[in-house]
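*Asks:* Supplied in C-alpha cells, the structure appears directly below.
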Amino acid sequence: MERRLITVQGVVQGVGFRPYVHRLAAANGLRGFVRNEQHGVAIDVEGDRTSVDAFCGSLILEAPPLATIAGVRIERAPPRSYSKFRIAPSDAADASPGAASVPADVATCGRCLAELRDPANRRYRHPFISCTDCGPRLTIVRDTPYDRERTAMAPFTMCAACRTEYDNPDDRRFHAETICCWDCGPEVQAVSRDASVLALRGCHAIAAAVETLRNGGIVAVKALGGYHLACDATNASAVERLRALKCRDAKPFAVMVRDVAGADALCSTSVAERAVLEACERPIVLVPRRDAANLAASVAPGQLTLGVMLPATPVHHLLLDGVARPLVMTSGNRRDEPVAIDEGTALSALGAVADLFLVHDRAIITRCDDSVVLVSAGEVRTVRRARGYAPRSIPIARAATRPILAVGGHLKNTVCVVDGARATMSAHVGDLDTIAARDGWRHAVDCLLRATRTRPAAIAHDLHPDYASTGFALSMASELGIETRIAVQHHHAHVASCLAEHGVREPVIGVAFDGAGLGSDGAIWGGEFLLVHGASFTRCGHLSYVPLPGGDAAARRPWRSAAAHLTAARGAASAPPPGVDAAEWNLVTQLLARPERLPQSSSVGRLFDAVASLLDVAHISRFEGEAAMRLESAATGRAPRRYDVTLLDGAPWTVDVAALIRAIDDDCRHGRSTAESAGAFHRALSDVIVLGCKRVRESAAIATVALSGGVFVNRLLLALATQELTAAGFRVLLHAQVPCNDGGVSLGQACVAARAMEDEQCA
Ligand code: ZN
Ligand code: ZN
Ligand code: FE
C-alpha cells in the first residue's frame, strides 16, 4: 500500500482538472480525494505502488487541454485506508496570499454547440450552455478556489437533472461549475430602451433581438465581459446610424460572422488567420478584406483590413444563426468610457443608441473587452489583450523578491501584478482620459489584486508625472502604505515587456518606436535605441529632435507634424495642405517660428504622421494611428531603396531625419508615385533600425535586438526590419502574446521594478 499527497499549481481550476483526476484515479483503481485549494489542486491518493506510480506518471502528460501546470509537488504519507475516490469540498479557509490562477473565458466548445443546435437535447437553444471545457471563467469569478459559490453562478441553484450530471463522473459536465439549463440557469430578457417593457424572455427574447437586427435596428447585447452594440453589417443605414449615435466617425467596426466560411466571404484569410479565428480565445482578427465583400462601406471606411471574429458565447451563436448575416459587434460604451457591464450603466449610457437590450440576470464580475490580434511576420501577435487571454499569466525568468503592482501608461492602459515568478496582466483597460475611465482603472486593479491574492509591496509607474495612472499609483501607494515607488521610463518599459515575453535577462539592444513617452531628459521620446541592462538603460541613439507644437493636438492632426518636420528640414513650411484651415495653419507656423518654446520630440509616430501628410495620404487622424495605417496601406512592399539614411555623431548619436524629410519632399515635387514614396519610407525606417543596431553592436558587442512600441503593429515595417536584422546577423525578439503598443507597458514596468529591487537586495 502506498499513499501520496500531490499539489498541482497553475491554471488548474475551472478547466475540468478535478473531474480529470477523478477519472484517472478510477482508471488506476485508487482511493482518496481531490480538492481545490487556494493555491491550486490537492490530491490525496492511495493504492498499490504500481498503480500510484502510473497515476503520477500520467497526471501531467494527460492533463485537460485548458490546464497549464506551473508546478507539482509529491510527498509520501502513511496510508489511511480510504474506501473510495471522491471530489472533496474546496478548502477556502487558507487566507495566505498567492492563489491558483483564474482561467480565462473559453468560447463555446464544439460539443456544446452541437447540443445547442440539437432539438432533441434538453439544452436546445439554451443561451448559457457550457461544460468543463468551455464557458465563462474570469468574467464570473469572484474569488478562488473556483467553485460555483464563489462565482456569479452562485444564485442559480442546480435543478435535479443538472445535479445528476454534475455528480456523475462519466458525464462531461461532472463538476462543471457553470452547469445550468432551462430550468435552473440564468435567463435572457429583451428590454426596450426605456426599460418599461420587460415582456420577452428566453427564446422569445432572442427572437425579438434577431427580428430587430434583421430590420436594421441596433441591439445592445450583454456578452461575457461587457455589453456589445450590434447591427446588421450589410445594412448601410443601420451601420451609419450606429456610427452617428455612438459619435464614432471613422474608426473601423469589428464584424462577427457565423463561422470560418462567413469570414472567408468577407476576407482572404491565411491558414494561421483561420486557426486563430477558431481558437478558443475567439479574438477579433485583423485580416485583409475582399473588395467584393457584401458589407456596408461604413463598417471600415477606407481600410484594407477588417476586424473579424466568430461567436464566443451561446447568445452570439443564436443571434448569428438567426440573423444569418454578418453583424457589426462593437463595444457597448460611451466614447472614451469603459464598456458597460451592468444593466443600469448600459441603459443610461446606451439608451440613446440601442433600440433593444438583450440582457440577462448573471452578473459580470470582471470587465473584459474583446481581444484583437493580427498575424504578422508569420506569427499571431496581440494588439489588444483581453477576453480569452486575460488573466493568463506570463512566467518571468527570475522570481521577484516582493510582489509588485505596475499601473501602466496613459493610453491603452493595462495593469500588471508580479508575484514570485509569475506576471499577471489585467485585460485591456483603455485610455484614461475620463472620470469613468478612472473608475474602470480602479475596477481592473481591484479585480487583479483579488484574483491573484496579492498585497503589493511596491508600485511601479511611468516617469510622466501627469499621466492619470501615475497619479492613481501615488495616491494608491499612500492609501495602502506602500513606500517603494519606482518610476520607469516609458520606452525602457516597452523593451522590458518584450524581454519578459522571451525570458531574456541579459543586456540587449532595445529599439522602441512609438507615439510618445516622456524621456529622462524631459523631451518627448519615441524613436529610441536603448542598451537595456536590467533595471537600467543607456540611450545610445535616437531620431533627431524636432520641435513639436502640441502633443495630443499633433497626434490628431498629422499636418501639424508635417509643418514641424518641414520647418526643421527646410527652414519653413510652405502653404497649408488641402483641407487644412488657413488660420490654424498660420497659428502653427507662428509657433514653429519660436521653436525654443516647443517640446522636442524624437517620435516615430509623429514622423509617420508627417510623411502621411507630405504624401497627401492623410492630413488628420480621426482615431489614433489612422494616418500611419493609411500610409502603410498606401505603400508597396517592393519599393526601391531610395532614401539614404545617415547617423549624426554624438552622445547619443542621432538619425538625420531632416535629410530624410528633404528627400521625401523632393520626391513629392517631382511627382513620384505615393505608393513608391510610402514604400521607400518604410524601407528607410527599416534601414534606420539596422544601421542603428549595427552602431550599437560595434561598441557594445551585443547582437540581440528587441523591437517594441506601437509603431511595430505596422506589418510592413516589422517584416522588413526583422528580415534585414536577421540577415545582418542579429537575433531578433518580437512581441507575440503581449502587445507591442502601450498595452504591454505595465508588464515592462513590473519587470524593471523587479530588477531594481533585486539589485537593491544585492547591494
Ligand atoms: Zn462545452
Ligand atoms: Zn438545470
Ligand atoms: Fe508607447
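*Asks:* Cα atoms only: what Rg and Dmax, in Å, come out for the range 209-273?
*Replies:* Rg then Dmax for the range 209-273, in Å: 13.2, 37.
*Asks:* Another one. Give me the percent of DSSP beta bridges within the chain that run antiparallel, rounded to the nearest 5.
*Replies:* 70 percent
*Asks:* Across 5 Å bins from 0, what is the distribution of all Cα-Cα pair distances for the range 351-483, in whole percents?
*Replies:* Per 5 Å bin, starting at zero, the Cα-Cα P(r) for the range 351-483 comes out as 2, 9, 17, 20, 19, 15, 8, 5, 3, 1, 0 percent.
*Asks:* Find how many whole Å separate the alpha carbon centroid of the range 456-522 from the alpha carbon centroid of the range 574-606.
*Replies:* 30 Å
*Asks:* Relative to the longest principal Cα axis of the chain, at what angle does helix 435-452 sit, 0 to 90 degrees, rounded to 10?
*Replies:* Long axis of 435-452 versus the principal axis of the chain: about 50 degrees.
*Asks:* So the label point goes 7 Å from the Cα of S699 along Cα→C-beta, right? Which residues of the range 625-663 then have their backbone N under 14 Å from it?
*Replies:* 647-655
*Asks:* Between 0 and 90 degrees, rounded to the nearest ten: what's the tilt of helix 236-246 against the longest Cα principal axis of the chain?
*Replies:* Its long axis makes an angle of about 90 degrees.
*Asks:* Gain in length, A659 to N121, computed as 0.36 nm per residue apart minus the alpha-carbon separation, to one decimal in nm?
*Replies:* So the chain would gain 186.7 nm between A659 and N121.
*Asks:* What does the charge count around A675 come to, taking other residues whose C-beta lies under 15 Å from its C-beta (Lys +1, Arg +1, Asp -1, Glu -1)?
*Replies:* +1
*Asks:* Counting only protein heavy atoms and a 1.4 Å probe, tell me what percentage of the chain's accessible area is made up of carbon and sulfur.
*Replies:* Of all accessible area on the chain, carbon and sulfur atoms account for 52 percent.
*Asks:* Oh, and also: Among the aspartates and glutamates, which fall within straight-line cross-link reach of K694, defined as a Cα-Cα distance under 13 Å, with same-chain neighbours fewer than 8 residues apart omitted?
*Replies:* Hits, sequence-local ones excluded: E724.
*Asks:* At 0.692 mPa s and 37 °C, plugging the Kirkwood radius over alpha-carbon pairs of the range 662-714 into Stokes-Einstein gives what diffusion coefficient in µm²/s?
*Replies:* 250 µm²/s
*Asks:* Largest first, what is the accessible-area ranking of E676, E2, E528 with a 1.4 Å probe?
*Replies:* Solvent-accessible surface, decreasing: E676, E2, E528.
*Asks:* What does the charge count around S268 come to, taking other residues whose C-beta lies under 14 Å from its C-beta (Lys +1, Arg +1, Asp -1, Glu -1)?
*Replies:* Counting the neighbours of S268, the net charge comes to 0.
*Asks:* With the cut-off at 1.5 for a/c, could you classify the range 112-236 from its C-alpha gyration tensor as rounded, prolate or oblate?
*Replies:* Prolate shape, in that a/c is at least 1.5 and a/b is the bigger ratio.
*Asks:* Still on this model: Please work out the average accessible area per residue across the range 545-585, using the 1.4 Å probe convention, and give it in Å².
*Replies:* Per residue, the range 545-585 has an accessible area of 42 Å².
*Asks:* I need the fraction of alpha carbon pairs in the range 639-747 separated by more than 18 Å, rounded to a whole percent.
*Replies:* Of all Cα-Cα pairs in the range 639-747, 56 percent lie more than 18 Å apart.
*Asks:* Taking K and R as +1 and D and E as -1, what net charge do the other residues with C-beta under 13 Å from the C-beta of A700 add up to?
*Replies:* Net of charged neighbours comes to +2.
*Asks:* Need one number: nm distance between label points at R214 and R111, each 7 Å from Cα along Cα→Cβ, rounded to one decimal.
*Replies:* With each label point 7 Å from Cα toward Cβ, the separation is 3.3 nm.
*Asks:* Students often forget the sequence filter, so: which lysines lie under 18 Å Cα-Cα from K246 once same-chain residues fewer than 8 apart are removed?
*Replies:* K222
*Asks:* So for the chain, what are the equivalent ellipsoid semi-axes in whole Å, largest first, each being the square root of 5 times an eigenvalue of the Cα gyration tensor?
*Replies:* They are 46, 33, 22 Å, listed from largest to smallest.
*Asks:* In whole percent, what relative contact order does the range 133-195 give with Cα contacts below 8 Å and a gap of six or more residues?
*Replies:* 26 percent
*Asks:* Averaging the inverse of every distinct alpha carbon separation and then flipping it gives the Kirkwood radius. What is it for the range 602-684, in angstrom units?
*Replies:* Evaluated over the range 602-684, this radius sits at 13.1 Å.
*Asks:* Continuing with this model, one more query. Hey, got the dipole for the chain? About the Cα centre, +1 on K and R Cβ, -1 on D and E Cβ, debye to the nearest 20?
*Replies:* 700 debye
*Asks:* From largest accessible area down, sort D133, D44; use a 1.4 Å probe on the protein chains.
*Replies:* So, going from the largest accessible area down, we get D133, D44.
*Asks:* From largest accessible area down, sort D143, D581; use a 1.4 Å probe on the protein chains.
*Replies:* These residues rank, largest area first, as D581, D143.
*Asks:* So, one more: Between A651 and T636, how many nm apart are label points set 7 Å from Cα along the C-beta direction?
*Replies:* 4.6 nm
*Asks:* Then there is this: Could you compute how much accessible surface K222 exposes when probed at 1.4 Å, giving the result in Å² to the nearest 10?
*Replies:* Accessible area of K222: about 10 Å².
*Asks:* Here's something else I'd like to know. Can you compute the helix-only [θ] at 222 nm over the chain? Use -39500 (n - 2.57) per DSSP H run of at least 4 residues, normalise by all residues, nearest 500 deg cm²/dmol.
*Replies:* My calculation for the chain gives -10500 deg cm²/dmol from helical runs alone.
*Asks:* I've got another one for you. Efficiency by 1/(1 + (r/R0)^6): what FRET value for D644 and E379, r their Cβ-Cβ distance, R0 = 25 Å, to the nearest 0.05?
*Replies:* FRET efficiency, D644 to E379: 0.20.
*Asks:* Let me ask you something else. Run the quick spin-label model on A207 and E149: label points 7 Å from Cα toward the beta carbon, then report their separation in nm to one decimal.
*Replies:* 4.0 nm
*Asks:* If R₀ is 25 angstrom, what is the calculated FRET efficiency for the pair E483 and A421, using the beta carbon separation as r and rounding to 0.05?
*Replies:* Once rounded, the FRET efficiency stands at 0.60.
*Asks:* In nm, what is the difference between 0.36 nm times the number of residues separating E596 and I60 and their Cα-Cα distance?
*Replies:* Full-extension gain reported as 186.6 nm.
*Asks:* Over the range 262-332, with the other protein chains present, what is the accessible area per residue in square angstrom, probe 1.4 angstrom?
*Replies:* Accessible area per residue, the range 262-332: 31 Å².
*Asks:* Could you give the length gained on full extension between L5 and D194, defined as 0.36 nm per residue of separation minus the Cα-Cα distance, in nm?
*Replies:* 62.3 nm
*Asks:* So for the chain, averaging the separation of alpha carbon pairs under 8 Å that are six or more residues apart and normalising by length, what relative contact order in percent results?
*Replies:* Normalised by residue count, the contact order of the chain is 11 percent.
*Asks:* Helix 202-214 against the longest principal axis of the chain: what's the angle in degrees, Cα atoms only, rounded to the nearest 10?
*Replies:* Between the helix axis and the principal axis of the chain, the angle is about 20 degrees.
The values are calculated or read from the model by the stated rules, or taken from the named source; none is laboratory data. Note that the structure is a prediction, hence the values are computed from the model and not measured. Glycine also receives a Cβ, built like all others from the backbone with ideal geometry; neighbour counts cover every protein chain displayed. Side chains included, ligands, DNA and RNA excluded: accessible areas come from the protein's heavy atoms. Shrake-Rupley method; radii C 1.70, N 1.55, O 1.52, S 1.80 Å.
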